[in-house]
Amino acid sequence: MLSDGEANELLSFLTLEMRADVKGQATGYILGLTGNRDGCRYLRSKPDFLKALVTLTCDPSIAIVKDCYHSLINLSADETLHQPLVKETDLLARLFQNLLDPEYMFADRICTILSNLSRHERTCRDVFNTLQEQKIGLDKVVEIFCMKGFNKKASLHYLGPLLSNLTQLPEARHFILDKDKCVIQRLLPYTQYKESSTRRGGVVGTLRNCCFDYAHHEWLLSDAVDILPYLLLPLAGPEELSEEENEGLPVDLQYLPEDKKREDDPDIRKMLLETLMLLTATKVGRQIMKNKNAYPIMREFHKWEKDSLVISACEKLVQVLIGDEPEAEMENLMEVEIPKDVEEKLQELDAKEQEQMEKDKQESEKKQNESPEGLER
């Protein structure tokens, strides 16, 4: 890495006043450093470089600003840089200020950085607090996310993962689940947003996090929100169901066309199943899902699914849908106390199951990649 003298000289080039050609070479060098783990860890101990990168996101040169944002994306992908980035610089305030500008051409890069920084709870709280301190609030983020064409120069798809990350915090879930704000109703249509799996996945992750608050399950499944069709429809296919099965389904899931496609991202399919599973934690949730005939959709989905991890999640849900009700004192599955030794055993079995499924998946992919016998590579 750089000697102290070399580092000081390089830092002197990273100012707004420096000649553009010299500054461009310096930001290009920093970008190269952030391309590997050792370089990122080196910059972690150099807060002045982090401050300079943030300052130069206001440079008149588009090329220099682009280099700085790329560097910040790389740095924010490293969890060990999160605290230095939010504590040693004014990065968050500057990012949110630019995000609100509908003409800002680097808004997508801002969304990526914010998504990276909010992955872990500690820095996620810093991101959330900055939203409040800047008088922006989560409602503005949702408004921008849902407003088509807010920024003609950016898609803002990565606001989806940002919302998902923020809802690991109780305060963010409380806002999303506020019955008077109709926020969650605005997000639901994005579970089928065809243009971006990033946006879809972010919204599904948000819904899943919100479903950990089981006190809201009855409201979420009621006509006021009607979350169930938005979770089931991406998992439903073109298979023909009996008339009785169709009639028992929510209207949006009845008599689906022959060209109906399922969600193509296995991670999103798994999150949808996990969200449905959370909704079965309460007795009222289980009753509503059974009454609305969720089982036939899951039955056909299980026949179609090939990913072992998703199949496992589906089977757990099906067991609840077709199984007997638990005893009276165990009706809320999220409140049931599991003995420590039993919990440890279950975790061990689950880890082994996950490991085996990963091995099976890798073996399957390996076989698919092998050339057929007798054919040249």
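General remarks:
- Scanning the range 283-292 finds no residues that are closer than 13 Å to LEU235 by Cα and in contact with a helix residue (DSSP H, G or I) (Cβ under 8 Å, 6 or more places away or on another chain).
- Close pairs from the range 140-158: first more than 15 Å from ARG109 (Cα to Cα), partner of a type in the set (Asp, Glu) and open to solvent by 40 Å² or more (accessible area, probe 1.4 Å), Cβ under 7 Å, at least 6 apart: none
- Every residue from the range 113-122 that is surrounded by fewer than 22 Cβ atoms within 10 Å (Cβ to Cβ) and not in a helix (DSSP H, G or I): ARG119, HIS120
- Test for THR34: is it farther than 14 Å from LEU117 by Cβ and buried (at least 18 other Cβ atoms within 10 Å of the Cβ): yes
This table checks each residue for (1) closer than 30 Å to SER118 by Cα; (2) touching a residue at least 60 places away in the same chain (Cβ under 8 Å); (3) open to solvent by less than 10 Å² (accessible area, probe 1.4 Å).
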position	(1), (2), (3)
CYS211	yes, yes, yes
ALA215	yes, no, no
GLU218	yes, yes, no
LYS261	no, no, no
TRP304	no, yes, no
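- Positions within the range 101-111 being surrounded by 23 or more Cβ atoms within 10 Å (Cβ to Cβ) and either over 19 Å from ALA172 (Cα atoms) or over 19 Å from the mean Cα position of the chain (by Cα) (or both), in sequence order: ALA107, ILE110
- Tally of residues being open to solvent by 10 Å² or more (accessible area, probe 1.4 Å), in contact (Cβ under 8 Å) with a residue 40 or more places away in the chain and either under 20 Å from LYS140 (Cβ atoms) or among the hydroxyl-bearing types (Ser, Thr, Tyr) (or both) across the range 81-100: 6
- Annotation: of all residues in the range 236-251 being among the aliphatic types (A, V, I, L, M) and part of a loop (DSSP other than H, G, I, E, B), the one that is nearest to ARG269 (Cα to Cα) is ALA236.
The values are calculated or read from the model by the stated rules, or taken from the named source; none is laboratory data. As the structure is a prediction and not an experimental result, all values here were calculated from the model. Cβ sites come from the backbone with ideal geometry, for glycine too, and all protein chains shown count toward neighbours. Remember, those area values only see protein heavy atoms, side chains included, never the ligands or the DNA or RNA. Shrake-Rupley method; radii C 1.70, N 1.55, O 1.52, S 1.80 Å.
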